[in-house]
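Q: Just dropping this structure here.
The values are calculated or read from the model by the stated rules, or taken from the named source; none is laboratory data. Keep in mind that this is a model prediction, so the values were computed, not measured. Backbone-built Cβ (ideal geometry, glycine too); neighbour counts: all protein chains shown.
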Amino acid sequence: MNSVQYIFATILSIIVFIQGAYAQQQVQPSVSDRLAPAEKAQVQGHIGEKLDQSYENRVLVQDVDHLVEPFRHRTETHLWQSEFWGKWFTSAVSAYKYRPEPAMKKVLKSAVQALIATQTPDGYIGNYKKENHLEQWDIWGRKYTMLGLLDYYDLTHDQESLTAAKKVADHLMKEIKEDDGKIVNKGNYRGMAASSVLEPIVLLYNSTHNQKYLDFAKEIVREWETPQGPRLISKADVDVSKRFPKPEVWYSWEQGQKAYEMMSCYEGLLELYRITGDATYKEAVEKTWQNIRDKEINIAGSGASVEMWFGGTALQTTPVKHYQETCVTVTWVKLNQQLLRLTGEAKYADEIEKSYYNALLGALNDDGSEWAKYTPLNGQRLPGSGQCGMDLNCCNANGPRGQFTLPLTTVMSTKDGLSVNFFVDGAYTLKTPQNKSVKVVQQTDYPVSGNVKLTLDLPSAEEMVVRVRIPSWSKNSTLKVNGKAVDVQPGDYAEIKRKWSPNDVISLNLDMRGRVATHGDNHLFAAIMRGPILLARDSRLPGPPLGTVDSPVADADGHIALKPVAANNKAYWMKYEAAFVPESYMENPAEPIMIPLCDYASAGNGKETSSFEVWLPQLYNPQQHE
């Protein structure tokens with residue numbers, strides 16, 4: 001290279017650098033999250049044990065080569081093997097952020113290298129035949145590939161993984177353009193499966209600041225509102241189970257009620273909202289969230305039948321086919337986590353807590369090695385089968401993605417302080433508004449009891465706001481700072497602004513009285529909750545046979561006395577006894593009897609096969625109805 005060429009090359013590199021720096025300055029998000037995750041978490045107690053089991057017995061021991069193998073052959077025409085690597089990998093990254101251990105880091109690095117080695121010269125990473133690209137689950141699989149690669153880049157700043165993700169996106173955009181330029185007519189479920197690629201495309205824009213990715217993201221959303229699209233914005237006011245006619249073929253492009261894929265699209269829409277600040281995006285998600293919460297989510301915190309929304313809240317006492325798929329539970333938790341960090345609103349944390357302790361943990365087996373595909377409210381917990389010719393299914397790969405959201409969101413940072421969202425025994429390290437390191441130590445056996453002690457391990461005094469969530473179900477709560485009472489409101493955060501000193505103590509006592517819930521047009525079923533925990537009868541426990549009619553003895557406010565019973569083996573997390581009046585054909589009502597109950601997550605969940613029931617049938621009495 002001569003001197004002129006050298007000078008020209010130098011000038012060109014400076015221009016490129018300035019353009020890149022300018023672009024980086026121009027893509028600051030329009031909307032900032034209200035909450036930011038903790039830097040570190042050390043979780044103890046039952047939740048810590050379940051996290052460790054899942055880490056060691058499911059995520060860490062996954063045969064990664066088995067997940068990569070389909071990418072090497074590219075012979076698929078219609079199945080979804082290509083999602084498994086990305087689901088497992090994003091689970092593993094979240095697990096590593098919680099427990100950053102060398103063994104997991106080594107697995108992550110090897111998994112990325114093995115996947116990138118399958119990338120074709122044109123950028124494709126997938127398992128479909130060339131002539132079947134863009135069909136069925138092909139784009140959906142590419143979505144999970146990009147999510148995994150981008151997670152690894154965010155974790156390690158590995159340029160090779162970012163380059164691979166860019167190539168996947170560029171190749172996808174090129175193929176769509178060369179086809180007919182549309183994404184919503186690809187794959188399944190009115191384009192929701194394919195267009196849920198919106199999330200990694202926006203994240204890729206965040207990492208590269210390349211306008212073409214933002215343009216593609218906006219094009220995806222524009223196509224949603226075309227006649228062929230799923231109308232995820234314009235139909236936000238319509239029940240999610242009624243947005244389109246029931247299709248002739250249940251699993252088909254015409255099906256518009258697919259729960260998991262719909263929520264995945266809304267996750268991507270929130271990411272786009274952060275960049276653009278377009279309020280219509282956030283409003284569409286919030287309206288849809290409210291509809292799902294009111295019309296679909298059951299008492300255990302999940303929903304969907306045969307993977308579709310179906311108006312399930314009203315039908316939850318009915319035996320439901322293929323009820324509350326674990327992938328639906330995980331995505332509901334993740335959507336709520338998105339909304340929680342964006343808005344800081346307590347209602348999202350309430351929903352996460354209910355889903356996590358019941359539907360999510362109820363899908364995890366007793367040693368953390370397997371996840372159920374479906375979990376009924378009355379019946380048995382049955383294992384799922386392998387899919388796509390592989391020895392695992394989507395829920396086994398996906399379950400930990402929901403589970404490992406909890407540690408770093410239990411206590412989060414805000415611009416003016418800290419937010420205590422969940423009550424989990426352990427220690428949480430964050431930054432204060434003055435950029436000091438603070439460790440929030442939670443000492444609690446919650447939700448076994450409602451007692452929580454929070455200690456702020458600060459290096460020096462600092463004025464800030466500490467927000468503590470008061471769950472909506474806790475009608476009688478006490479909150480104190482160094483013994484002095486603070487006013488609280490159920491379903492909101494108590495915001496305590498003061499100059500905090502090292503080792504200040506916050507004590508919280510929540511209302512853990514048992515609550516009887518009734519359901520049915522004539523209240524023909526009853527269920528019992530305690531705090532966020534749903535209780536159930538289990539055939540392994542003594543008492544009358546399941547299915548008998550026993551009426552819970554409750555006071556006028558619907559509260560029922562629950563007597564703790566020692567759980568003398570690891571089959572149950574919690575056990576209680578409560579008084580019920582059994583059905584009787586005598587002239588006078590029968591005397592109450594004590595019937596044992598356990599937490600829903602433990603019911604039917606163990607090495608001994610058993611059946612369980614959440615919704616207890618109740619007698620219809622015409623004397624009490626018009």
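Q: Taking W500 and the conditions (1) closer than 22 Å to Q44 by Cα; (2) of a type outside the set (A, V, I, L, M); (3) crowded, with 21+ Cβ neighbours inside 10 Å, which numbered condition does it fall short on, given that it satisfies the others?
A: With respect to (1) closer than 22 Å to Q44 by Cα; (2) of a type outside the set (A, V, I, L, M); (3) crowded, with 21+ Cβ neighbours inside 10 Å, W500 is out only on (1).
Q: Go through region 38-92 and count every residue that is more than 30 Å from W573 (Cβ to Cβ), within 20 Å of the chain's Cα centre (by Cα) and of a type in the set (S, T, N, Q).
A: Looking only at that region, the number is 0.
Q: Also, quick follow-up: If I ask for residues that are outside any helix (DSSP H, G or I), more than 27 Å from Q211 (Cβ to Cβ) and among the small types (G, A, S), which ones from region 248-278 would you list?
A: S252, G256
Q: Among (1) in a helix (DSSP H, G or I); (2) more than 22 Å from the chain's Cα centre (by Cα); (3) within 17 Å of C265 (Cβ to Cβ), where does A165 come up short?
A: Unmet for A165, out of (1) in a helix (DSSP H, G or I); (2) more than 22 Å from the chain's Cα centre (by Cα); (3) within 17 Å of C265 (Cβ to Cβ): (3).
Q: Moving on. Just to verify a result, which residue in region 283-309, among those that are surrounded by 16 or more Cβ atoms within 10 Å (Cβ to Cβ), in contact (Cβ under 8 Å) with a residue 40 or more places away in the chain and touching a Lys or Arg at 6+ places or on another chain (Cβ under 7 Å), is farthest from E261 (Cα to Cα)?
A: G301
Q: Could you please let me know if I506 is within 23 Å of H46 (Cα to Cα) and either aliphatic (A, V, I, L, M) or surrounded by fewer than 20 Cβ atoms within 10 Å (Cβ to Cβ) (or both)?
A: So I506 fits the description; yes.
Q: Hey, can you tell me all the residues within region 449-492 that are on the phi > 0 side of the Ramachandran plot and within 25 Å of the chain's Cα centre (by Cα)?
A: The one that is on the phi > 0 side of the Ramachandran plot and within 25 Å of the chain's Cα centre (by Cα): G491.
Q: Exactly one condition in (1) buried (at least 19 other Cβ atoms within 10 Å of the Cβ); (2) under 25 Å from I47 (Cα atoms) is not met by E345; state its number.
A: E345 satisfies all of (1) buried (at least 19 other Cβ atoms within 10 Å of the Cβ); (2) under 25 Å from I47 (Cα atoms) except (1).
Q: Can you find a residue in region 402-415 that is touching a Ser or Thr at 6+ places or on another chain (Cβ under 9 Å), more than 30 Å from R34 (Cβ to Cβ) and not assigned by TED's automatic domain parsing to the domain that holds N605?
A: Among the residues of region 402-415, not one is touching a Ser or Thr at 6+ places or on another chain (Cβ under 9 Å), more than 30 Å from R34 (Cβ to Cβ) and not assigned by TED's automatic domain parsing to the domain that holds N605, which makes the answer no.
Q: Tell me which residues, restricted to region 484-496, are of a type outside the set (S, T, N, Q), without any contact (Cβ under 8 Å) to a residue 60 or more places away in the chain and in contact with a strand residue (DSSP E or B) (Cβ under 8 Å, 6 or more places away or on another chain).
A: Hits for region 484-496 are A485, V486, D487, V488, P490, A494, E495, I496.
Q: Counting only residues that are more than 23 Å from V197 (Cβ to Cβ) and touching a helix residue (DSSP H, G or I) at 6+ places or on another chain (Cβ under 8 Å), which one in region 76-108 is surrounded by the most Cβ atoms within 10 Å (Cβ to Cβ)?
A: Once the filter is applied, the top-ranked residue is A95.
Q: Right, next: Check S539, S584 and return the single one that is small (G, A, S) and either closer than 26 Å to I47 by Cα or crowded, with 18+ Cβ neighbours inside 10 Å (or both).
A: Going through S539, S584 in turn, just one is small (G, A, S) and either closer than 26 Å to I47 by Cα or crowded, with 18+ Cβ neighbours inside 10 Å (or both): S539.
Q: Could you figure out which of (1) of a type outside the set (D, E); (2) in contact (Cβ under 8 Å) with a residue 24 or more places away in the chain; (3) within 21 Å of M529 (Cβ to Cβ) isn't true of C327?
A: (3)
Q: Which members of region 348-385 meet the condition of being more than 30 Å from P545 (Cα to Cα), touching a residue at least 60 places away in the same chain (Cβ under 8 Å) and crowded, with 21+ Cβ neighbours inside 10 Å?
A: A349, D350, I352, E353
Q: Would you check if there is a residue in region 310-324 being part of a helix (DSSP H, G or I), buried (at least 21 other Cβ atoms within 10 Å of the Cβ) and polar (S, T, N, Q)?
A: no
Q: Looking at this structure, is W137 modelled with pLDDT of 95 or more and closer than 19 Å to G402 by Cβ?
A: Judged against the criteria, W137 is not a match.
Q: Moving on. When the residues of region 211-225 are filtered to those that are surrounded by fewer than 24 Cβ atoms within 10 Å (Cβ to Cβ) and touching a Lys or Arg at 6+ places or on another chain (Cβ under 8 Å), which remaining residue is farthest from K143 (Cα to Cα)?
A: Checked region 211-225; the qualifying residue farthest from K143 (Cα to Cα) is E225.
Q: Criterion first (among the polar types (S, T, N, Q), under 22 Å from Y144 (Cα atoms) and either within 16 Å of the chain's Cα centre (by Cα) or crowded, with 21+ Cβ neighbours inside 10 Å (or both)) does S264 satisfy it?
A: yes
Q: Shifting gears a bit: Among the residues of region 131-147, are any over 23 Å from E261 (Cβ atoms), touching a residue at least 40 places away in the same chain (Cβ under 8 Å) and surrounded by fewer than 19 Cβ atoms within 10 Å (Cβ to Cβ)?
A: no
Q: Still on this structure: Is it fair to say G256 is within 26 Å of G187 (Cα to Cα), buried (at least 24 other Cβ atoms within 10 Å of the Cβ) and more than 21 Å from the chain's Cα centre (by Cα)?
A: Spelling it out, G256 is indeed within 26 Å of G187 (Cα to Cα), buried (at least 24 other Cβ atoms within 10 Å of the Cβ) and more than 21 Å from the chain's Cα centre (by Cα).
Q: Of all residues in region 100-150, how many are assigned to a helix (DSSP H, G or I) and of a type in the set (D, E, K, R)?
A: Qualifying residue count, region 100-150: 8.
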